[in-house]
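Participant: Provided herewith is a single structure, encoded as structure tokens, for subsequent inquiry.
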Amino acid sequence: MHRTRAALTPRRRTVGAVLAGLTAAALLFTACSGSASPSKSGATGAADENATLTVGLVLEPSSLDLRHTAGAALEQVLVDNIYEGLVTRTQDNKIVDRLAKSHEISADGLTYTFVLNDGITFHDGAKLTSADVVSSLQTAKDDPTVQGHADLAGVASITATDDKTVTITLIQPSQNFLFSLTGTAGLVFQKGDTTDLQAAENGTGPFTLTQWKKGDSLTFARNDQYWGTKAGVKSIVFDYIPDFTAGVNAAQSGTLDVLTAVDANLAPQLEKKFTLTKGRTTDKGTLAFNNAKAPLDDQRVREALRLAIDHKAIIEARGIGTTLYGPIPQLDPGYQDLSGTAPYDPDKAKALLKEAGQENLALTLTIPSFYGSTVPQLLTSDFKKVGVKLTVNSVEFPAWLDSVYTKHDYDLSFVLHVEPRDFGNFANPDYYFGYDNPEVQKLYAQSQTELDAKKSAQLLSQAAEIVAKDAAADWLYEDETLTAVRPGVHGFPKESINSRLDLRGVTVTK
């Protein structure tokens, strides 16, 4: 779940960022970017501009300081609603202008020029200028404690040409640089602001923070001085309900307008009163192989394990998600159908294990305890059919970070990697996968400096196919989110909502 870098060479994320992101993914396990522009309400009634929208969420932020706190729960509600960047991304991960009304990229791919929209102000009333943008990005580039720091490693300079124009120069071309600006690296804060960001805010977004009841809820109010199209509702209450059953009960009682991260097994209880929508994500349920450790350093063993897994049965047991046979999900550049690399074939799996001299193989699966028992039980059963004994070692997350992520002391592991465009992990031999393929590293490096987006995606696709055929890992599923929306609520995002929930365009009919 680690974001790709602006710099050419993949870099390891800080443990803090990994911890926050993986924890968020774990709580969303059973269960998404918002619309860049408002959606109109349906024809069933006039929109109520004074409406309050109540949204049930699973994971509550521990702090509101988006500059220094990592985690999907924080980005989910604050990005685009409270804080904005020069650019943002749509639900299907397309890049669009936000604070910038336009941007240009030089022919050599090294210079990015952004022109700001007119009339942008912070919530305290101060006018936003290019100096605020330069200060925000320069701080993120220079300060390792600021979120998004690594994403700006390939930046040579950030300058203000005038009050409305910002120019960013890169050390070398980077296909992912603009996308990195849609995340925390690109958020704009007021220069010299003294706001206590742990419990307050001073953004430029369509909503302001009015109340945070820790352990309970977060309330936003429409920013009527917003520089762009005003929000469609007067206020939003994010009601944090970490228990899935309790969330369904709250929805049934009428206290919620929307319930996100609905447990697929509980969804039928909501069908009469709510519309249930499925949304795609970039979440990859990844079965990691320790490529640097025998016997998993043998491609035949890794391939055998992939062939032994009934991927469709995993989807059926979870009740949600789609099969994914490669490292790139459908919403990311370079995706292709790689199901042919690992069709369910227990007989071939047995033959490969015999060929590798591993007919009585015993392996340990180290998995964070919050992921539950469904996946481990299915893997244990599938592997047993091909003569592999799987021992499940369920550990607390800090222990997983220490043994698997940091020390690389494991055979197999499972975790939900949620961040988009994170293929660079397979081009980094120091990453916990232990996968070291020079051809993949070369193709990935070329994809990042390639100026043509289609050619870049083709290079990524080639690299991903090699990774899949090498059986560097197995991808058990591509996750989906299930959302319950009551009648009268219109424009609620469907895709990638576990990482970005832009609610500016939501309306509620009277």
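The values are calculated or read from the model by the stated rules, or taken from the named source; none is laboratory data. Treat the numbers as computed from the prediction; the structure is a model and nothing was measured. Using ideal geometry, Cβ is built from the backbone for each residue, glycine included, and neighbour counts are taken over all protein chains shown.
Participant: More than 30 Å from the chain's Cα centre (by Cα) and of a type in the set (D, E, K, R): does that describe Lys164? It would help to see each step written out before you state the result.
Facilitator: Values: more than 30 Å from the chain's Cα centre (by Cα): yes; of a type in the set (D, E, K, R): yes.
Taking the combined requirement at face value, the residue satisfies it.
Participant: Identify, please: which residue in the stretch 41-85 is more than 24 Å from Tyr240 (Cβ to Cβ) and either hydroxyl-bearing (Ser, Thr, Tyr) or in contact with a helix residue (DSSP H, G or I) (Cβ under 6 Å, 6 or more places away or on another chain) (or both) and is, among those, surrounded by the most Cβ atoms within 10 Å (Cβ to Cβ)?
Facilitator: Ranking the candidates gives Gly85 first.
Participant: Working carefully through the options Glu478, Glu495, find the one that is at pLDDT below 95, crowded, with 21+ Cβ neighbours inside 10 Å and of a type outside the set (Ser, Thr, Tyr).
Facilitator: Just a single option satisfies the conditions, and that option is Glu495.
Participant: A follow-up question, please. Of the conditions (1) within 28 Å of Asp224 (Cβ to Cβ); (2) crowded, with 18+ Cβ neighbours inside 10 Å; (3) not aliphatic (A, V, I, L, M), Gly125 clears all except one; give me its number.
Facilitator: Result: Gly125 passes all but (2).
Participant: So, one more: Just need a number here: residues in the stretch 283-299 that are in a loop (DSSP other than H, G, I, E, B) and surrounded by 20 or more Cβ atoms within 10 Å (Cβ to Cβ).
Facilitator: Quick first cut of the stretch 283-299, residues in a loop (DSSP other than H, G, I, E, B) only: 290-298.
Filter once more, so that each one left must be surrounded by 20 or more Cβ atoms within 10 Å (Cβ to Cβ): 290-291, 296.
Of the residues in that region, 3 qualify.
Participant: Sort out which residues of the stretch 359-382 are surrounded by fewer than 19 Cβ atoms within 10 Å (Cβ to Cβ) and part of a strand (DSSP E or B), and write them in order of number.
Facilitator: Once the filter is applied, which keeps residues that are surrounded by fewer than 19 Cβ atoms within 10 Å (Cβ to Cβ) and part of a strand (DSSP E or B), the stretch 359-382 yields Ala362, Thr364.
Listed here are the residues, each with its yes/no results for (1) within 23 Å of the chain's Cα centre (by Cα); (2) among the basic types (Lys, Arg).
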site	(1), (2)
Thr282	yes, no
Ala308	no, no
Lys348	no, yes
Glu355	no, no
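Participant: Let me ask you something else. Spot the failing condition for Thr159; the list is (1) in a strand (DSSP E or B); (2) surrounded by 14 or more Cβ atoms within 10 Å (Cβ to Cβ), and only one is missed.
Facilitator: Answer for Thr159: the failing condition is (2).
Participant: Another question, then. Which of the residues that make up the stretch 471-495 are in a loop (DSSP other than H, G, I, E, B) and in contact with a Pro (Cβ under 8 Å, 6 or more places away or on another chain)?
Facilitator: Ala472, Gly491
Participant: What do you reckon, is Thr145 crowded, with 21+ Cβ neighbours inside 10 Å, modelled with pLDDT of 95 or more and assigned to a loop (DSSP other than H, G, I, E, B)?
Facilitator: no
Participant: Also, I was wondering about something else. Ala351: surrounded by 15 or more Cβ atoms within 10 Å (Cβ to Cβ) and under 21 Å from Ile466 (Cβ atoms), yes or no?
Facilitator: Judged against the criteria, Ala351 is not a match.
Participant: Another question about this same structure. Have a look at Arg280, Arg306, Arg302 and point out the one that is buried (at least 20 other Cβ atoms within 10 Å of the Cβ), over 24 Å from Asp470 (Cα atoms) and touching a strand residue (DSSP E or B) at 6+ places or on another chain (Cβ under 7 Å).
Facilitator: Unique residue meeting the criteria: Arg280.
Participant: Name every residue in the stretch 470-492 that is closer than 21 Å to Leu416 by Cα and of a type outside the set (A, V, I, L, M), in order of residue number.
Facilitator: Asp470, Asp474, Trp475, Tyr477, Glu478, Asp479, Glu480, Thr481, Thr483 - these are the residues of the stretch 470-492 that are closer than 21 Å to Leu416 by Cα and of a type outside the set (A, V, I, L, M).
Participant: Does Ala185 satisfy the condition of being within 27 Å of Phe220 (Cα to Cα) and either not in a strand (DSSP E or B) or not aliphatic (A, V, I, L, M) (or both)?
Facilitator: Numbers: within 27 Å of Phe220 (Cα to Cα): yes; either not in a strand (DSSP E or B) or not aliphatic (A, V, I, L, M) (or both): yes.
So Ala185 passes the test.
Participant: Can you report the number of residues in the stretch 410-465 which are farther than 27 Å from Leu390 by Cα and assigned to a helix (DSSP H, G or I)?
Facilitator: Residues flagged as farther than 27 Å from Leu390 by Cα and assigned to a helix (DSSP H, G or I) within the stretch 410-465 amount to 28.
Participant: Give me the residue from the stretch 389-405 that is in contact with a helix residue (DSSP H, G or I) (Cβ under 7 Å, 6 or more places away or on another chain) and among the hydrophobic types (A, V, I, L, M, F, W, C) and, out of that set, nearest to Leu352 (Cα to Cα). Give the derivation first.
Facilitator: As a first pass, look at the stretch 389-405 and keep what is in contact with a helix residue (DSSP H, G or I) (Cβ under 7 Å, 6 or more places away or on another chain): 390, 392, 394-397, 401, 405.
Cutting the leftovers down to among the hydrophobic types (A, V, I, L, M, F, W, C) gives us 390, 392, 395, 397, 401.
Values: Leu390: 18, Val392: 23, Val395: 31, Phe397: 34, Leu401: 32 Å.
Filtering first and then ranking leaves Leu390.
Participant: Here's another thing I want to ask about it. Is there a residue being at pLDDT below 95, out of contact with any Lys or Arg (no Cβ under 9 Å at 6 or more places or on another chain) and in a helix (DSSP H, G or I) anywhere in the stretch 320-339?
Facilitator: no
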